[in-house]
Amino acid sequence: MRSAAAPASVHVRAPGKINVFLAVGDVHDDGYHSLATVFQAVSLYEDVIATASPDFTVSVSGPDVDPATVPLDDRNLAVRAAKILAMATGYPGGVHLEIRKSVPVAGGMGGGSADAAAALVACDALWGTGLSSQRMHELAARLGADVPFALHGGTAVGTGRGDHLTPALAPGRFDWVLVLSDQGLSTPQIYRQLDEYRLEHGALADDPPESLDVPPAVLQALRSGDARALAEVVFNDLQVAALQDRPDLERVLAAGAEAGALAGLISGSGPTIALLCASADDARRVQDECEERGLRALHVHSAVPGARIIA
Ligand code: C5P
């Protein structure tokens, strides 16, 4: 039960992510694929404000949010997070979750996962349930493969389904320009398309799952903080499948290179494009040039902390 000292509401901010490296292995019986990935949390955030309520309700707003694309029932990952926490701790009440979105919906940047991570942290504080970090991580992993990383933030290697995290050293700042799309992509569909593409092209035949690993060069580039070194090794196995659905994104990648980005890749399952830039000044120039070409572009940096309470 909530004590007399419990807050009336709790505000938590959680970041979106890009996968600077994403290798996809075999598909398993549960439909999930083995991954070897490196996440970086970027300075584009979801804000979740949790207010005590007898029921579980949610509202969603944001500069680019089409209300039709975000479910307000139990399919909403933040609502599921609150309910799973109530169930795990025996909390008898509910919560109203106000979600203010900045991470693109279905953009391949883990916006829904950030909502879920933020809801877990917010409800834990609001309800005084005092979950350990390990238990919080377990609940997060049940909600989705990217949810533990949204809790964790920073830079991390993800293995298994992407939910087994090992922190990685990346003390420097990296500047990115994100090019947003009006239409989202379905993550399960992009993974399925990758499987089909590999069946057709006989890929992976010489690449057993044991070889699924993050190359040392990726970790070295992150450790050194050298954007040029990172640009040489950014990689996304899902890119080929996302480009099948959205061949127009090839032009965006080319535009990014022409504008002076060091490298470009699709973020996660797409369609957001992440352009790596040499400096904050370069990123501003790349952003301006993308906008002059009629693209919607945002300048962000990595890496930033995971879900945390805002005073
Ligand atoms: O865990 P999450 O709900 O974010 O995953 C969405 C979908 O992405 C899964 O249902 C699955 O189809 C695909 N996926 C996958 N392998 C992973 C992570 C996600 O196939 N490791």
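Can you bin region 163-311 into rounded, prolate or oblate? Criterion: square roots of the alpha carbon gyration tensor eigenvalues sorted a ≥ b ≥ c, rounded for a/c under 1.5, prolate for a/b above b/c, oblate for the rest. List each step's numbers first, then the result.
On the way: a/c = 1.61, a/b = 1.17, b/c = 1.37.
In terms of gyration-tensor shape, oblate.
To the nearest 10 degrees, how steep is helix 187-201 against the longest Cα principal axis of the chain, on a 0 to 90 scale?
Its long axis makes an angle of about 30 degrees.
For the chain, what is the mean residue ellipticity at 222 nm derived from helices alone (per DSSP H run of n ≥ 4: -39500 (n - 2.57); sum divided by total residues; nearest 500 deg cm²/dmol)?
Details: 10 runs with 109 residues, N = 311.
Theoretical 222 nm ellipticity from helices: -10500 deg cm²/dmol.
Given a Förster distance of 25 angstrom, what is the FRET efficiency for Gln134 paired with Ile310, based on the Cβ-Cβ distance and rounded to 0.05?
Details: r = 24 Å, r/R0 = 0.96.
That pair, Gln134 with Ile310, gives E of 0.55.
Running a GNM on the chain with Cα contacts under 10 Å, which residue among Ser279, Ser211, Ser53 ends up with the highest mean-square fluctuation?
Of Ser279, Ser211, Ser53, the Gaussian network model singles out Ser211 as fluctuating most.
Between region 1-76 and region 229-244, how far is it from one alpha carbon centroid to the other, in angstrom?
For region 1-76 versus region 229-244, the Cα centre distance is 24 Å.
How much length is gained if the chain between Arg296 and Glu250 is pulled fully straight, taking 0.36 nm per residue apart and subtracting their Cα-Cα distance, in nm to one decimal?
Values: separation 46, 0.36 × 46 = 16.56 nm, distance 1.55 nm.
Taking 0.36 nm per residue and subtracting the Cα distance, the gain is 15.0 nm.
So if the hydrodynamic radius of the chain is defined as the Kirkwood radius over C-alpha pairs, what does Stokes-Einstein give as its diffusion coefficient at 20 °C and 1.002 mPa s, in µm² per second?
108 µm²/s
Would you mind calculating the relative contact order of the chain from Cα pairs under 8 angstrom and at least 6 residues apart, reporting the percent as a whole number?
Reported relative contact order: 26 percent.
Which value in nm describes the separation of the simple spin-label points at Ser224 and Arg284, placed 7 Å from the Cα toward the beta carbon?
2.7 nm
Pull up the DSSP beta bridges for the chain and report the antiparallel fraction as a percent, rounded to 5.
In the chain, approximately 85 percent of DSSP beta bridges are antiparallel ones.
Excluding Gln183 itself, calculate the net charge of residues whose Cβ lies under 15 Å from the Cβ of Gln183, where each Lys or Arg counts +1 and each Asp or Glu counts -1.
Charge balance near Gln183 sits at -3.
Which chymotrypsin sites (Phe, Trp or Tyr not before Pro) in region 123-190 sit in a loop by DSSP (not H, G, I, E or B) and have at most 14 other Cβ atoms within 10 Å of their own Cβ?
When the chymotrypsin sites (Phe, Trp or Tyr not before Pro) of region 123-190 are filtered for loop state and at most 14 Cβ neighbours within 10 Å, nothing remains.
With each label point set 7 Å from Cα along the Cα-Cβ vector, what nm distance links Val240 and Thr51?
Going from the Val240 label point to the Thr51 one covers 5.0 nm.
Compute the distance in nm between two label points, each set 7 Å from the Cα along the Cα-to-Cβ direction, one at Leu169 and one at Asp29.
Using points 7 Å along Cα→Cβ, the separation is 4.1 nm.
Within region 55-98, list the residues whose amide N lies under 13 Å from a label point set 7 Å along Cα→Cβ of Arg142.
80-91
Taken together, the values in this text are just the output of simple stated rules run on the coordinates, not laboratory data. Not measured: the values here are computed from a predicted model. Ideal geometry is used to build each Cβ from the backbone, glycine not excepted, and the neighbour counts take in all protein chains shown.
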